[in-house]
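All remarks here apply to the structure that follows.
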Amino acid sequence: MAIGVAAALAAALCWTLASGLWRRLPTSLAPAELNLLKNLIALALQLPLLLGSLPALPPGPTGLLLLSGVLGIALGDSFYFAALRRLGTRRTLTFDAGGPAVTAAAGCLLLAEWPGPRQWLGIALISLAVVLVARQRPVAVVGVGLRAGHQRLGVLLALAALVCGSAGALLARAALRTSGLDPWHAATLRLLAATLVLLPLLGRLLTHLRRPRPRPPGRRWLLVLAATLLGTSAGIGLQQLALARLPGGLAVALLATAPVMAVPLAPLEGDRPGAFGVLAALLAVLGVVLVALP
């Protein structure tokens, strides 16, 4: 369990750092196109790990992981990117904070994984911490519309991202707990499924990349590569390791600490978390301790 807890927290840290890099990358790519771009880069780096083990892949768990990739990465990430553009980081993360509770409840019903009272309390504290961080006013919200219809669409997209992400995590947990699959192989299978589903957008992506303005030349590509390595390759791999070692609800609760981890890094971006930000960090630490204790 200690390995699972460490992997979940490391994945959250990777996602936090990757988010900072993505924010530094101005682009006019559509959310699904940006999703495809990062998946293609990550898959190109990870696919050699999978090729040597293809004959040994069990069909049942492999199918669950492929479906998990479609829901959690192809659909979930695309919905999330789209919601960010309409609601901004603060409001989108408010919806995402429901992930631990949703996944834990679904894990109870579908996987018969019942957290204890102390672990439920830890999940609640982590969720509360993420909500507090999400409600902090950001330095600047770019691309957030003010129309009511625009906002309603953003809310629907954020809810869709939450449902898809939770479903993807549960499917991955179901596959990993019934097989001896390596977490890194599982991460590559999920990326492969997500990339194949988004592949029809490749023509549009290449068209955008050929244009002078949307294309990130030079150092921008270094940002793309670094963000992909941290958030997609390392982040998803560590996520699978956490899901293999922990019940789904507990793993997602620890993974949801990513926004809280951004609090110490906020001054680097000119942001001041304030008292609520510090309180959120303390609640998250206490929640992690309650979840991780045997």
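When you look at ALA42, is it at pLDDT 80 or above and out of contact with any Ser or Thr (no Cβ under 6 Å at 6 or more places or on another chain), yes or no? In short, no. Is it the case that some residue within the range 252-260 is under 24 Å from ASP182 (Cβ atoms) and modelled with pLDDT of 80 or more? Yes, the range 252-260 has at least one match. Taking LEU111, is it over 18 Å from GLY154 (Cα atoms) and at pLDDT 80 or above? No, not satisfied. Summed over the range 77-103, residues that are modelled with pLDDT of 70 or more, over 25 Å from TRP114 (Cβ atoms) and not aromatic (Phe, Trp, Tyr) total 8.
Those helices (runs of 4 or more DSSP H) of the range 153-252 in which at least 3 residues are without any contact (Cβ under 8 Å) to a residue 60 or more places away in the chain and not hydrophobic (A, V, I, L, M, F, W, C), considering only elements entirely within it, cover 202-210. The set of residues from the range 46-76 being surrounded by 15 or more Cβ atoms within 10 Å (Cβ to Cβ) and either modelled with pLDDT under 85 or not in a helix (DSSP H, G or I) (or both) comprises GLN46, LEU50, LEU57.
If the condition is being at pLDDT 75 or above and either in a loop (DSSP other than H, G, I, E, B) or in contact with a Ser or Thr (Cβ under 7 Å, 6 or more places away or on another chain) (or both), then the range 261-283 contributes only MET261.
The values are calculated or read from the model by the stated rules, or taken from the named source; none is laboratory data. Keep in mind that this is a model prediction, so the values were computed, not measured. Because the Cβ atoms are built from the backbone with ideal geometry, glycine has one as well, and the counts that use them run over all protein chains shown.
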